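Just so you know, all these numbers are worked out from the coordinates, no wet-lab data involved. Given the structure is predicted, the values throughout are model-derived calculations rather than measurements. Positions of Cβ are backbone-derived with ideal geometry, glycine not excepted, and every protein chain shown enters the neighbour counts.
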Amino acid sequence: MKGEVKPWIKPEARSAAAGWPKLAQCLAVLMGIGIAFILAEFFVRLVFPEAAPRTARVTKFWQYHPRYGWAHVPNAKGTFEAHGFSASVSINSRGFRGPLVSYRRVPGLRRAVFLGDSYLWGFGVSDHEVFTALLEASDPGLEAVNLGVSGYSTDQELLLYQEEGYKYNADLIVVMVVENDFASNLRRIEYVAYGKPIFVGTGEKLELQNQPVPKAPLLKRLLVEAGARSYFATMASRILEGIQVRQALAQRVDERETEQSAADDMMYRLLLELNQTVNKKQPGAKLLAVFVEGVGKHGERIAGLLEGKGVPTLLLDKYVEGTDPDLHLPGDFHWNAKGHQFVADKLAVFLREQWRE
């Protein structure tokens, strides 16, 4: 019709144009959140240096492993530092901390192989300050083989002994049991992005699953890595964890009256399996279980069961207070250099008693 004004924008184009303001608003919100996070990160780094993240600084020594989930990078060297400590770290060619130890025994020397996590690895202390190095230094007749890997739980330590630990033909195999191992033994993923093996009880046997350990997607790993390096995210995480711990303690019943949990049962079964493996692969060798402070009544109960099976145990709760600042890193539960020396002294007595038997 003459005089009619035809629209010069198609309907679908008008619809798309109408959506631009919403998109712009979303982008503005995201930019605002990003700027706020950057400012918060700067503020926390400046005012709260003690919030320095630590986990990401340990993982720089890790690499993916299809059997265990992660393992050390062979021959890696570097400094592991955060607020309150700076430690030199050297990984040998087999992927374990400290000097390389030959599989072949040295005549006349006793040998003990240690399995464990960050306590054994020496979180926050230099190579010569780890309690296994201190044990050797105090006893020229002892070789202490440190197979500790930060973050490992009992299931990974069992696999590590089955495939590597037995090769050292040690007299004693010492497994360190830590409070967080109980829950970790039931998980397929640790630290959000790190897959791990898991044993599942099928009747009287343990079945290994999650093999090979799946690799987390690259984007997820990058996001977790970025979060683990953030002071602000680390501080927020510690605050939330503190709230959760206080709530759990407030609601908790006396452990002596609780039934044995699935985590307790799996821990006991894994330690029994490790003992059976030691007896099979190294007849004449002995397994020792050392329970790090903080295992509580559940640890005491399992230690009692192990003693009944002929496995000697040492409960560090009897000697070390988990909150003692004199023996632990600032704001952390890991031992400082003095704590490692204290533990080395206790272990030296414990090991001597076992060799006399």
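Taken one residue at a time, the phi angles of segment 319-332 give Karplus couplings (6.51, -1.76, 1.60, θ = phi - 60°) of 10, 10, 8, x, 9, 5, x, 6, 10, 10, 5, x, x, 9 Hz. Gly and Pro are set to x.
Determine the sum of side-chain charges near residue 157: Lys and Arg each +1, Asp and Glu each -1, restricted to other residues whose C-beta is under 14 angstrom from that of residue 157.
Spelling it out: positives minus negatives among the neighbours equals -4.
Note on segment 54-356: Kirkwood hydrodynamic radius from all Cα pairs is 20.0 Å, rounded to one decimal.
Listed values for segment 167-174 are Karplus-derived 3J(HN,Hα) couplings in whole Hz (6.51 cos²θ - 1.76 cosθ + 1.60, θ = phi - 60°), namely 5, 7, 6, 7, 6, 10, 10, 10, and x replaces Gly and Pro.
Averaged over residues, the count of other Cβ atoms within 10 Å places the peptides 134-147, 343-356 in the sequence 134-147, 343-356, highest first. Every Cα-Cα pair of segment 119-233 was included, and the share exceeding 16 Å stands at 70 percent.
Dipole magnitude for segment 54-356: computed about the Cα centre from +1 point charges on Lys and Arg Cβ and -1 point charges on Asp and Glu Cβ, it is near 1040 debye.
Restriction of the trypsin sites (Lys or Arg not before Pro) in segment 79-154 to DSSP coil positions whose beta-carbon has at most 12 other beta-carbons within 10 angstrom yields 104. The chymotrypsin sites (Phe, Trp or Tyr not before Pro) of segment 102-131 that DSSP puts in a loop, and whose beta carbon has at most 14 other beta carbons within 10 Å, are 103. In this simple spin-label approximation, residue 307 and residue 219 carry label points 7 Å from Cα along the Cα→Cβ vector, and these lie 5.4 nm apart. Packing around the peptides 169-178, 66-75, 322-331, taken as the average count of other Cβ atoms within 10 Å per residue, puts them in this order, highest first: 169-178, 66-75, 322-331. Model label sites at residue 103 and residue 180, defined 7 Å from Cα along the beta-carbon direction, differ in position by 3.3 nm.
All other residues with a Cβ under 10 Å from the Cβ of residue 169 taken together, and with Lys, Arg as +1 and Asp, Glu as -1, what is their net charge? Charge balance in the 10 Å sphere: +4. Using the Karplus relation 6.51 cos²θ - 1.76 cosθ + 1.60 with θ = phi - 60°, the per-residue 3J(HN,Hα) values for segment 75-92 come to 6, 6, 9, x, 10, 9, 9, 7, 4, x, 6, 8, 10, 7, 10, 10, 10, 7 Hz, with x marking Gly and Pro. Counting every other Cβ atom within 10 Å of each residue's Cβ, 33, 198, 189, 91 order from fewest to most as 33, 189, 91, 198.
Neighbours of residue 328 by Cβ distance under 10 Å: Lys/Arg scored +1, Asp/Glu scored -1, total -4.
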